[in-house]
Amino acid sequence: MSEDHYFTARPASADERRTITVTLAGREVEVETAPGIFSPGHVDLGTRVLLRQVPEPRGRLLDIGAGWGPIALEAALRGASSVTAVDVNERALDLLRRNAARLGVTVTAALPDEVPADATFDTVWSNPPIRIGKDALHALLATWLPRLAPGGEAFLVVQKNLGADSLAAWIAAQGWGTVEKIGSSKGFRVLRISA
């Protein structure tokens with residue numbers, strides 16, 4: 001039995017690649033996935049809720065906790081001027097790079113430490129890794145949300161029963177911008193943080 005989590009840097013499970021068909025940016029596309037990453041069999045429900053709620057991407061976009069890439073790929077397919085996707089899972093980043101090449105889009109897939117410390121972003125889209133625990137999640141968001149450029153917006157999707165409302169209150173208390181719930185569907189809340 002593997003002790004892998006989708007937030008494991010180097011999953012121990014077999015790297016058995018497979019191709020699945022998913023809908024991104026309104027069209028069916030084939031992507032490559034593997035065990036040991038988040039939602040390897042489909043675009044998860046939270047991500048689908050997020051992608052239905054977000055406006056058109058603008059400027060430099062950041063995807064936090066990118067996995068095999070549904071959010072980053074959607075942003076690139078919808079015309080974001082640049083897309084940076086971060087994850088700690090090296091298998092997920094390799095899959096994301098391969099999927100971007102397969103779809104003919106440009107995405108910079110990187111470990112968090114590989115993103116320049118002075119990089120800022122106009123937009124953040126994320127289905128953040130809630131299951132890493134509250135302290136680790138707060139540290140993750142405290143690393144990336146302050147990098148919103150003036151006038152930038154972040155959109156996060158969080159399950160209501162996994163603390164969406166308390167997370168919104170915590171983000172508001174940090175002073176990074178205005179926080180509001182812009183949508184709710186199938187037990188998920190979509191939060192917008194306006195810098």
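The values are calculated or read from the model by the stated rules, or taken from the named source; none is laboratory data. The structure presented is a predicted model; accordingly, all values stated were derived computationally and were not measured. Positions of Cβ are generated from backbone atoms using ideal geometry, with glycine treated the same way; all protein chains shown enter the neighbour counts.
Could you check the range 34-56 and list, in sequence order, the residues that are within 25 Å of Glu114 (Cβ to Cβ) and at pLDDT below 95?
Listed by number, the residues that qualify are Ala34, Pro35, Gly36, Ile37, Phe38, Ser39, Pro40.
Those residues that are out of contact with any Ser or Thr (no Cβ under 8 Å at 6 or more places or on another chain), surrounded by fewer than 16 Cβ atoms within 10 Å (Cβ to Cβ) and not in a helix (DSSP H, G or I), I need them from the range 95-114; list them, please.
Selection gives Gly104, Leu111.
What is the one condition in (1) at positive phi; (2) in contact with a Leu (Cβ under 6 Å, 6 or more places away or on another chain) that Gly133 does not satisfy?
Answer for Gly133: the failing condition is (2).
Can you tell me which residue in the range 73-94 is farthest from Asp15 (Cα to Cα), limited to those that are in contact (Cβ under 8 Å) with a residue 40 or more places away in the chain and crowded, with 23+ Cβ neighbours inside 10 Å?
Ala80
Just one of Thr123, Thr47, Thr106 is out of contact with any Pro (no Cβ under 8 Å at 6 or more places or on another chain) and in contact (Cβ under 8 Å) with a residue 12 or more places away in the chain; which is it?
Just a single option satisfies the conditions, and that option is Thr106.
Here are the criteria: (1) farther than 17 Å from Val43 by Cβ; (2) in a strand (DSSP E or B). Tell me which single one Arg91 does not satisfy.
With respect to (1) farther than 17 Å from Val43 by Cβ; (2) in a strand (DSSP E or B), Arg91 is out only on (2).
Could you tell me which residue of the range 126-140 is farthest from Leu61 (Cα to Cα), considering only residues that are touching a residue at least 40 places away in the same chain (Cβ under 8 Å) and of a type outside the set (Val, Ile, Thr)?
Here the residue is Arg131.
Name every residue in the range 24-71 that is part of a strand (DSSP E or B) and over 11 Å from the mean Cα position of the chain (by Cα), in order of residue number.
Residues satisfying the conditions are Leu24, Arg27, Glu28, Val29, Glu30, Val31, Glu32, Thr33, Arg60.
Can you pull out every residue in the range 126-157 that is outside any helix (DSSP H, G or I) and touching a Pro at 6+ places or on another chain (Cβ under 7 Å)?
Leu156
Is there any pair linking a residue in the range 13-28 that is within 14 Å of Leu73 (Cα to Cα) to one that is part of a strand (DSSP E or B) and polar (S, T, N, Q), with Cβ under 7 Å and at least six apart or on different chains, and which?
Glu28/Thr21
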